[in-house]
Amino acid sequence: MRLCTYRARDGSRLGAVEDGTVVPLAGADVAAALDGAPAPDGDPVPLEGLELLAPHAVIVQAKTYYGGGEWYTLDLDYPRIASILRKAGFAGWVSLEMEGKQDPLVAVPKSYDVLRQAFGPRP
């Protein structure tokens, strides 16, 4: 499986080419593609997905899963993701979506610390 962009009626989308067929990716598949983790179906999706999308990104939604996720948990490498976005010239907002089961009063500040370290200003 390799990633590609394709044109849909409502704009460009991220997809995967498998046996010559474009398969739309959504939700967990895209999150897995951005981290280079296996997609929910178990097929590996390369990190090149983020490299493909980064030049077009205007906002990034960062997810954290402290306490484990409701449906799945991904171990996202935010320093690596931030590096790829920086190289692509990304200067937009990074929003947080904390999906973990840990108390939000604990998990949200931890999540912000992780994102500040990864996406914050560089010396």
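Values quoted throughout were computed directly from the atomic coordinates according to the rules given, and no laboratory measurement underlies them. Quick caveat: nothing in here was measured; it's all calculated off a predicted structure. For neighbour counting, all protein chains shown are included, and Cβ atoms are generated from backbone atoms with ideal geometry for every residue, glycine included.
For Lys101, the lysines whose Cα comes closer than 16 Å to its Cα, not counting residues fewer than 8 places off in the same chain, are Lys63, Lys110. Extension gain for the segment Glu97 to Val58, taken as residue separation times 0.36 nm less the Cα-Cα distance, is 12.4 nm to one decimal. Along the Cα-to-C-beta direction of Glu70, a point sits 7 Å from the Cα; which residues of region 77-111 have their amide N less than 12 Å from that point? Zone members listed by number: 98-101.
3J(HN,Hα) along region 88-101, derived from phi through the Karplus expression 6.51 cos²θ - 1.76 cosθ + 1.60 where θ = phi - 60°, amounts to 7, x, 4, 9, x, 7, 10, 9, 9, 10, 8, 9, x, 8 Hz, with x in place of Gly and Pro.
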